[in-house]
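Asker: Quick one: the structure is below, and I'll ask about it shortly.
The values are calculated or read from the model by the stated rules, or taken from the named source; none is laboratory data. Since this is a predicted model, take the numbers as computed values, not measurements. Cβ coordinates were reconstructed from backbone atoms using ideal geometry, including for glycine residues, and neighbour counts include every protein chain displayed. What goes into the accessible areas is simple: the full protein's heavy atoms, side chains included, and nothing from ligands, DNA or RNA. Shrake-Rupley method; radii C 1.70, N 1.55, O 1.52, S 1.80 Å.
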Amino acid sequence: MIKDILTMNGYGLYVWLSFAVTFFSCIFYYVKTYKELKKYEKEFAKELMELSAIDRQEYLENSKVANQIFLSKSKTI
Amino acid sequence: MFSFFSPSNIFVYLNKIIEFLNSIIFIVLVVALTFALVFSPPDYVQGDAVRIMYVHVPSAWISLAIFSIMTFSYIINYIFRIKNLLIINYSIAPLGLLFTALAIITGSVWGKPTWGTWWAWDARLTSMIFLMFFYIALILSLKYLNDERIKLKATTALSIIGFINVPIIRYSVDYLNTLHQPTSLKITGSSTIHTSFLLPLFLMLLVFLIYSALIFLMKYKTEIIKMKRKRLKNYD
């Protein structure tokens, strides 16, 4: 049965090539997107840390996005 | 009501949705692959080569759907100036290009055992190549045009012109001379595809849709952060 799945009655090369290209392209793009997101989150949290305490407090009160990222990233910076 | 859909309000829920999609994608993928590679029967003409359909067809559907969504968003944005739609378009354009490229590559691999050639310049294949060029032009315009007004005009024009190609792709197999098989799955009228092929096809489509949603949400989140960073710099 495993041999049948691998050879696909002579079409194995084409079937597995299609699935492999799709799978690896999707994985590559997922990792790239994830890394990019984490990089920007980290940089943004760092920039928030560089503000003075009063400015940061004021900015975080007015921005839900900044607040959420700062809370999640401040421990790792 | 519209303020609820502002990027800042949506951002709060993004992490939860991303976590949920991440938790289910692997299970759905395993089930879909089992059906596509093991349980699905071989076709009586194409044999096991028919299994390529399970990656080729969802890729092609999603690439066309994304381009249609982008064009619709650009038109709506051009009339009502909703910035969120531009962020959405910026986030989904690369995904559309990825699926267009995958549809072309897997289609080419499928062509070799069924048509005897990797490539033919017929109506369906050529119009898909054009779709890919439109995606590339859109992404380059979004990335390298600095003037916001020119960028908006250029990308709106590109998406509308490119959208003319969408019905050409859809109907090229029915009305033009092509090696590609005619439409098997129809929304109206009876489909010529057996249910034993439909279940794996829709399971794979579900995997691709979850994956697309994941990528879109991560890209969307990145774009919101980029926007907030610009504002933070002005805050100084």
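Asker: What whole-number volume per residue, in cubic angstrom, does the convex hull of the C-alpha atoms of the stretch A:2-76 give? Don't skip to the end; give the middle numbers.
Answerer: Working: hull volume 8.0 nm³, N = 75.
Dividing the Cα hull volume of the stretch A:2-76 by its residue count gives 107 Å³.
Asker: Okay, moving on. Could you name the aspartates and glutamates in cross-link range of B:Lys228, using Cα to Cα under 18 Å and dropping any fewer than eight places away on the same chain?
Answerer: Leaving aside aspartates and glutamates fewer than 8 places away in the same chain, those within reach of B:Lys228 are A:Glu36, A:Glu41, A:Glu43, A:Glu47, A:Glu50, A:Asp55, A:Glu58, A:Glu61, B:Glu148, B:Asp236.
Asker: Here's another thing I want to ask about it. What is the distance, in nm, between label points placed 7 Å from the Cα along the Cα-to-Cβ direction at B:Phe133 and at B:Thr183?
Answerer: 2.5 nm
Asker: Have a look at chain B and give its Rg and Dmax from the Cα atoms, expressed in angstrom.
Answerer: Cα only, chain B: 19.8, 68 Å (Rg, Dmax).
Asker: Also: Measuring with a 1.4 Å probe in the full set of protein chains, what accessible area per residue, in whole Å², belongs to the protein assembly as shown? Mind dumping the intermediate values first?
Answerer: Details: 16940 Å² over 313 residues.
Computed with neighbouring chains in place, this is 54 Å² per residue.
Asker: Relative contact order, percent, of chain B when contacts are C-alpha pairs under 8 Å separated by at least 6 residues?
Answerer: Once divided by the residue count of chain B, the mean separation gives 31 percent.
Asker: Please report the projected area of the protein assembly as shown's Cα convex hull averaged over all directions, in nm².
Answerer: Details: hull surface 75.8 nm².
Result: a mean projected hull area of 19.0 nm².
Asker: Next question. Which entries in A:Lys39/B:Lys112; A:Lys42/B:Lys153; B:Lys153/B:Lys230; A:Lys46/B:Lys219; A:Lys3/B:Lys219; B:Lys151/B:Lys219 show an alpha-carbon gap greater than 30 Å? Show your work: numbers first, answer last.
Answerer: On the way: A:Lys39/B:Lys112 42 Å; A:Lys42/B:Lys153 33 Å; B:Lys153/B:Lys230 22 Å; A:Lys46/B:Lys219 20 Å; A:Lys3/B:Lys219 41 Å; B:Lys151/B:Lys219 19 Å.
Too far apart for the 30 Å limit: A:Lys39/B:Lys112; A:Lys42/B:Lys153; A:Lys3/B:Lys219.
Asker: Rounding to the nearest 10 and keeping the result within 0 to 90°, find how far the Cα-based axis of helix B:148-163 lies from the longest principal axis of chain B.
Answerer: 20 degrees
Asker: Cα axis of helix B:165-175 to longest principal axis of chain B: angle in degrees, 0 to 90, nearest 10?
Answerer: Its long axis makes an angle of about 10 degrees.
Asker: Let me ask something else about it. Subtract the Cα-Cα distance of B:Tyr171 and B:Tyr13 from 0.36 nm times their separation in residues, and report this length gain in nm to one decimal. List each step's numbers first, then the result.
Answerer: Details: separation 158, 0.36 × 158 = 56.88 nm, distance 3.93 nm.
Value of the extension gain: 52.9 nm.
Asker: Any chance you could give the angle, 0 to 90 degrees and rounded to 10, that helix A:12-50 forms with the longest Cα principal axis of chain A?
Answerer: Around 10 degrees separate the two axes.
Asker: Let me ask something else about it. Using heavy-atom solvent-accessible surface (probe 1.4 Å) with all chains present, what is the largest-first order of B:His194, B:His56? Kindly include the intermediate steps, with their values, before the conclusion.
Answerer: Numbers: B:His194 115, B:His56 25 Å².
The ranking, largest first, comes out as B:His194, B:His56.
Asker: Then there is this: Leaving ligands, DNA and RNA out of it, rank B:Lys153, B:Lys16 by accessible area with a 1.4 Å probe, largest first. Provide the component values of the computation, followed by the final result.
Answerer: Working: B:Lys153 110, B:Lys16 145 Å².
Solvent-accessible surface, decreasing: B:Lys16, B:Lys153.
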